[in-house]
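Okay, so here's the structure we're looking at.
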Amino acid sequence: MRKIRSERAVSILLGITGIGLFLALWETIGQFRLLGLSWPPITDVLAFLQDPSRWPLFSRALGATLEALVLGYIIGLFAGVLTAMAAYLLPPFKPGLDRTSAFIHAVPSIALAPLLIIFLGRNSTPSALAALSTFFVLYVATSSGLASTERQWDDLLRVLGASRLVRFRRLNFPAALPTIASGMRLAAPASLIGVIVGEWFGAPRGIGVLIINAMQNFQIPLLWSAVLLTVLVSLMLFGALGFFHTLMAERFR
Amino acid sequence: MKKMRGRLSTVHPVPSVGPQAPTAISVSEVTKKFRLDDGRELTALEGMSLELTTGSFVALLGPSGCGKSTILRLVASLEVPSKGVVAINGQPPAELAASHRLGVAFQDHALLPWLDVRANVELPFRVAGQAVDRRRVQDLIDLVGLAGFESARPKQLSGGMRQRVAIARALVLQPEVLLLDEPFGALDAVTRRQMNIELQRIWSERRITTLLVTHAVDEALFLADRVIVMSGRPGRVVRTLDVPFARPRQPDVMRSSEFHRLSDELTDALDSPSGSLG
């Protein structure tokens, strides 16, 4: 126990050291303009983010991005899980559904975005791209979670006279929940990429819009601030869903 | 009912446990072949026959890979014979499984980790779509000595306690047939002995027709009315022994010279598969 704790402390310490070095390097490059004007010191970026007069801008953009993200993520989540459940319960359709979702995944979202803009409109494209990325990850996670039920549990429920649906409800689905939660964690950053890409193609507002505008107008601190915000959102989502995954693994394994 | 005898049980005539007891499980002339991944065929059982009378406890004793688990899986409806017939009370095993009249415990306890002890014991009721008989669930938890652990999760329990839960779960629907596939095989010797003593006590109270698969001689001898020694491949019967000890059996039976003598006999039969065939 103590050994595990000290190993953990070492790994946290190393992590902090790594991040510290990274930030110091960033600051040095920025202060001395080692990579030119487009690389500001991190202190400038933080000062920019801290200025209250810019908060309405950031919170509007962040709000729009998060709204699109949550909507797309939830749609993709349910679509992915339900499709994988259907594929599991209706084996004849599984190969077809597997191939379809792999095909959807193979199309680069950057190529799909213009089509979606025309088809769905500027407002819905970020959510749609987020939903597509989330769908695929959750389809794969749910499929593999359902397929990996341990044999002795399946044997037991068969001998007890459980129908396929009962086995699904009592066994396969609960056993798949940790894997589904792991998929949910992996899907979050992918989903955020979908939203940002969707916003680049002309959404009315959002972090992606901020990034594109700042880039085109050479507003370097604004650009870096927007990117930093994106990273923070992504990390927070990943962390929160990682915690959720730990809870599920604890409960269902 | 037609009395069916395999070629090997003709060599060793099998006296029935109670002369009038009807046949509960009959395996007649069963051959089971498995197709291996590389396309070859493996014959796990060939022309296998055995019968269990109602209310008897029969142990299949044999080394691993002798096909004893295959027999249990056939009776459990988890496998279908390539040739021959398996029947429980004259019906195909799948019918008994579908009407929730089989009880089973495996070497791996197969408890669902997300359910606590009580919910695991209640599972057969839920699977059967029946109302949970809380009283019966509690009685069984008490019977296997787990009172006070109703809300514990399987991972909080010791190996022996998990197997107790599995036994309670196997009995909860009052099955017509109880199938035990090395239920204590993963336990240490001390716990295993204790579990055998407990199972003997529980079984003596209910006397459900039971098929036990095991590779432990003393376990078979202490628990069963009849021990069938098998050898592999393909699996066949090399020795059948009717256990003379009266029930309920006390643990000190295991210290008697008769127990040791029979134990040696069975061990010999295990060691020299063809020996007792003469």
Those GluC sites (Glu not before Pro) from the range B:134-241 that are DSSP loop and have at most 16 other Cβ neighbours within 10 Å turn out to be B:Glu150
What's the extension gain from A:Leu89 to A:Ser59 if we count 0.36 nm per residue and subtract their Cα-Cα distance? 6.4 nm
Which stretch or stretches of the range B:177-215 have amide N atoms under 18 Å from the point lying 7 Å from B:Asp133's Cα along the Cα→Cβ direction? B:177-179, B:202-209
Which residues of the range A:114-155 show a drop of at least 10 Å² in accessible area when all protein chains are present, compared with their chain alone (probe radius 1.4 Å, heavy atoms only, ligands and nucleic acids excluded)? A:Arg151, A:Gln152, A:Trp153, A:Asp155
Shielding of A:165-178 by partner chains, average beta-carbon count, 10 Å: 2
Find the sum over both chains of the accessible area lost when A and B are paired, probe 1.4 Å, and report it in Å² to the nearest 100. 2000
At a 10 angstrom cut-off on C-beta neighbours, averaged per residue, how do the peptides A:167-176, A:233-242 rank from highest to lowest? A:167-176, A:233-242
Using only Cα atoms, locate the centre of the range B:88-127 and the centre of the range B:199-223, then give the distance between them in Å, rounded to an integer. 18
What share of the DSSP beta bridges in chain B is antiparallel, in percent to the nearest 5? 50
Counting lysine pairs in the protein assembly as shown that sit 8 or more positions apart or on different chains, with Cα atoms under 28 Å apart, gives 14
With springs only between Cα atoms under 10 Å apart, run a GNM on chain A and tell me which of A:Ser53, A:Ser148, A:Ser124 wobbles the most. A:Ser53
Restricting to bridges with both residues inside the protein assembly as shown, how much of the DSSP beta-bridge set is antiparallel, in percent to the nearest 5? 50
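Rank these by accessible area, largest first, 1.4 Å probe: A:His105, B:His100.
Sorted descending by solvent-accessible area, the residues read A:His105, B:His100.
The values are calculated or read from the model by the stated rules, or taken from the named source; none is laboratory data. Just so it is clear, the structure is predicted and the values come from calculations on it, not from any experiment. Counting neighbours? That spans all protein chains shown, and the Cβs are built from the backbone with ideal geometry, glycine included. Each accessible area value is taken on the protein alone, full model and side chains, heavy atoms only, with ligands, DNA and RNA left out. Shrake-Rupley method; radii C 1.70, N 1.55, O 1.52, S 1.80 Å.
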